[in-house]
Amino acid sequence: MQAKIVLPKEELEYEAAEAIKTLRTNILYSEEVKSVVLTSTIPNEGKSTISLELAKSFAGLGKNTVLVDCDMRRSCLAARLGVTDEIHGVSEYLSKQSMKIVYRTSDPNLSIIFSGNCPPNPSELLSSARFEGLLETLKEAYDYIIIDAPPIGNLVYGTIISRHADGTLLVVRNDFVKTKEARRVKQKIEQNGGKVLGVVLNRVKKNQKGSHYYYKKYKNYEYGKE
């Protein structure tokens, strides 16, 4: 274990906090789901924020949880948590540069693995047996694994990550991404062997159903239509 990361103390607004709890409950009652990928169609849809809050929510329930940042190209987690020291993460582990990649946090039930330095070949690293082995090791050590993956719209390695997890949540920012693009990403995940658990609709307007986050299982929900 590395030095402890102090989590920010600010709390979500009530509606957002309740929506995260609902999302957590849906995962808790999903069969054989311990590792969950959160991805999106394009950047700036809010997947990293939701990944962190979901991981904190599981930890708050007493579940031993690890948040794994696999967004190697555009990671924002270290900056968001105010980490300025040199850190080793997923890229260093997969390239066999470091074995010490798990960071404790101020919540005893939550650990974090950062993405590490941006490698020239993330797809190759994540396609390796070493990445699959990492997830299997984490499954043995933790109750839940929350994985922040890159947007899938223009990057292939997000689907590679989904293939190795128990399920994937697609974060869709309200009035930001076209319906056909969200459907295309869902199909891409499934065609590459991933299982889509549902969609998290982010930044829902106050006069719409819910606020901030709204979750539906894909089998009952088609984005843009109910």
Requiring at least 2 residues that are of a type in the set (D, E, K, R) and within 20 Å of Ser115 (Cβ to Cβ), the helices (runs of 4 or more DSSP H) wholly within region 1-91 are 47-60
Residues of region 154-200 being among the β-branched types (Val, Ile, Thr) and in contact (Cβ under 8 Å) with a residue 60 or more places away in the chain, in sequence order, are Ile161, Thr168, Val171, Val172, Val177, Val185, Ile189, Val200
Of the residues in region 92-107, those that are part of a loop (DSSP other than H, G, I, E, B), in contact with a strand residue (DSSP E or B) (Cβ under 8 Å, 6 or more places away or on another chain) and among the hydroxyl-bearing types (Ser, Thr, Tyr) come to Ser106
Those strands (runs of 3 or more DSSP E) completely within region 108-226 that have 1 or more residues that are open to solvent by 20 Å² or more (accessible area, probe 1.4 Å) and modelled with pLDDT of 90 or more are 144-148, 196-202
Practice problem: Say whether the condition of being at positive phi and open to solvent by 20 Å² or more (accessible area, probe 1.4 Å) is met by at least one residue in region 87-103. | Solution: yes
Residues of region 2-17 being under 16 Å from Ile50 (Cβ atoms) and open to solvent by 70 Å² or more (accessible area, probe 1.4 Å), in sequence order, are Glu10, Glu11, Glu13, Glu15
Taking region 26-60 and keeping only residues that are more than 16 Å from the chain's Cα centre (by Cα) and hydroxyl-bearing (Ser, Thr, Tyr), one is left with Tyr29, Ser30
- Test: residue in region 47-70 that is at pLDDT below 90 and touching a strand residue (DSSP E or B) at 6+ places or on another chain (Cβ under 9 Å): no
Can Val102 be described as within 17 Å of the chain's Cα centre (by Cα) and hydrophobic (A, V, I, L, M, F, W, C)? yes
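The values are calculated or read from the model by the stated rules, or taken from the named source; none is laboratory data. Just so we're clear, the structure is a prediction, and the values are computed from it rather than from any experiment. With ideal geometry, Cβ positions are generated from the backbone for all residues, glycine too; neighbour counts draw on all protein chains shown. Heavy atoms of the whole protein, side chains included, go into the accessibility calculation; ligands, DNA and RNA do not. Shrake-Rupley method; radii C 1.70, N 1.55, O 1.52, S 1.80 Å.
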